[in-house]
Amino acid sequence: MNDFDEVIDRKNGNAEKYTLRKQLFGTEDVLPMWVADMDIKTPSFVTEAVTKRAKEPIYGYEEMPESAYEAQMAWMKELHGLNTEREWMSYSPSVVATINLAIQAFTKPGEKVIYQPPVYAPFFKSITNNEREMVSNPLKRDEKGDYCFDFDDLRSKIDKDTKLLLLCSPHNPVGRVWREEELRELAAICLEHDIKVLSDEIHSDLVYRPHRHIPFASLSDDVRDITVTAIGPGKTFNVAGLSISTVVIADETMRQQFETLSQRIHFAEGTVFGHVGFEAAYRHGESWRDELMVYLSTNLQKLEVLVRKYGDRLSMSKPEGTYLAWIDCSKMGLDEKALRSFFVEKAGLGLSPGIVFGREGKGYMRLNFAVPIATMDRALLQLDAALDDL
Ligand SMILES: Cc1ncc(COP(=O)(O)O)c(C=O)c1O
């Protein structure tokens with residue numbers, strides 16, 4: 001048994017995935033496969049670093065150590081071929097905080113921000129919460145049925161008030177890892193219309209071979225200079241609870257605009273545990289991540305087998321990245337309420353209804369398969385029985 005196999009009982013702790021079951025699903029009797037953290041153990045090189053720090057007698061103010069930034073820069077260079085300079089980087093408590101602050105820094109109330117649904121809900125919520133105008137540029141399907149950008153729609157919606165595009169790369173929930181030519185076309189449109197880009201790359205380490213994550217800022221110097229990259233170890237190493245991420249902004253003016261706001265609300269420097277966990281993750285995480293990807297692929301293959309078995313009711317484009325499966329359930333012919341109750345009451349599974357990612361997600365369910373194989377097997381057995389029964 002390796003560490004990934006160990007089933008951790010999170011029920012009696014404070015894990016959101018479990019504590020919110022009653023509120024979200026009306027019952028605690030569901031296997032929760034919704035919020036995007038893993039039921040797989042945080043790697044021991046991270047927990048050991050945090051434990052070691054916890055044993056030190058003082059938890060006073062500390063700055064994010066230079067060595068932590070260096071570890072992340074080396075990681076990004078090695079894995080994604082991205083060259084980043086230290087002065088471009090700063091701490092953020094969360095990627096969602098970065099998205100909100102980027103909206104405030106680079107747009108004014110009433111100006112337009114583009115998002116590409118179906119997409120992680122804080123993308124559109126942060127636009128309205130900041131009283132900016134939402135411009136929806138939904139993903140479309142190509143001839144093979146795969147999600148892709150809709151450039152014609154995008155061009156038709158841009159006007160002089162359009163200032164920022166929120167890019168999700170890799171994309172949650174549809175699992176696309178954008179190809180270089182797709183990103184280049186998107187970048188060309190943004191450059192042409194003077195639109196800045198917030199590139200949320202939190203899932204960038206979770207990419208299945210042969211796909212490769214292309215950092216948006218790596219496309220060219222011009223593209224880099226309109227980009228804010230939000231990145232962090234939260235997804236890859238299951239450390240969302242450490243509240244630590246990084247913002248990378250190469251352009252000096254943009255960086256100053258962002259930093260003025262982050263200082264005004266006092267983003268500060270994070271926690272003593274976050275610092276050491278972050279550094280340990282990026283310094284020692286390479287082979288662990290490689291093994292994780294193989295492990296996640298096994299779960300994904302099992303899910304694909306089941307989806308194929310019930311091909312008259314379910315379908316799914318194989319995710320190229322993330323540990324999130326975007327399952328099209330529209331052929332089941334159930335309305336939203338009936339679909340939810342099928343998964344909760346018949347299958348005993350707590351998934352994210354597609355509709356929470358925008359109306360384009362109607363008829364879909366998102367399943368988080370970052371679980372030990374025993375948990376995955378249990379989930380699939382439950383779903384198989386429920387579908388068989390239907
Ligand atoms: C695309 C995306 N961005 C951001 C987040 C959350 O990041 P953070 O916890 O750092 O705010 C998630 C979590 O699911 C996500 O999927």
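For the stretch 102-206, trypsin sites (Lys or Arg not before Pro) are listed when DSSP marks them as loop and at most 10 other Cβ atoms sit within 10 Å of their Cβ; the list is K144, K160. For the set K11/K52; K302/K337; K108/K362; K108/K160, the pairs lying more than 20 angstrom apart at their alpha carbons are K11/K52; K302/K337; K108/K362. The convex hull built on the alpha-carbon positions of the stretch 32-91 has an orientation-averaged projected area of 6.5 nm².
Screening the chain for whole DSSP H helices with an alpha carbon extent of at least 27 angstrom along the helix axis and a mean Kyte-Doolittle hydropathy of at least -1.0 yields 286-309.
For Y147, the shell of other residues with beta-carbons less than 9 Å away shows a net charge of +1, using +1 for Lys and Arg and -1 for Asp and Glu. Legend: translational diffusion of the stretch 1-156 by Stokes-Einstein, Rh = Kirkwood radius over C-alpha pairs, 20 °C, 1.002 mPa s; D = 105 µm²/s. Overall form of the stretch 66-224: oblate. Here a/c, set by the Cα gyration tensor axes a ≥ b ≥ c, is 1.5 or more, and a/b is not larger than b/c. A Förster radius of 41 Å combined with the Cβ-Cβ distance from D388 to D152 puts the calculated FRET efficiency at roughly 0.45. Here the calculated FRET efficiency for E259 and Q301, from their Cβ-Cβ distance with R0 = 35 Å, stands at 0.20, rounded to the nearest 0.05. The stretch 46-83 and the stretch 201-280 have their alpha-carbon centroids 14 Å apart. DSSP assigns beta bridges within the chain; of those with both partners inside it, close to 55 percent run antiparallel. For the chain, what log10 I(q)/I(0) values come out of the Debye formula at q = 0.06 1/Å, with one point per alpha carbon and no solvent? Relative scattering, expressed as log10 I(q)/I(0), comes to -0.23. Straight-distance candidates among the lysines for linking to K17, with alpha-carbon spacing under 17 Å and chain neighbours fewer than 8 residues away dropped: K41, K235. The slack in the chain from E16 to L381, taken as 0.36 nm per residue of separation less the alpha-carbon distance, amounts to 129.0 nm.
With both labels modelled 7 Å from their Cα along Cα-to-Cβ, the E185 to E131 distance reads 3.8 nm. In a shell of Cβ-Cβ distance under 10 Å around I195, excluding I195 itself, what net charge do Lys and Arg (+1) and Asp and Glu (-1) give? Net of charged neighbours comes to +1.
Quick note: the coordinates plus some simple rules give every number you see, no bench work behind them. Quantities reported herein were computed from a predicted structural model and do not represent experimental measurements. Positions of Cβ are generated from backbone atoms using ideal geometry, with glycine treated the same way; all protein chains shown enter the neighbour counts.
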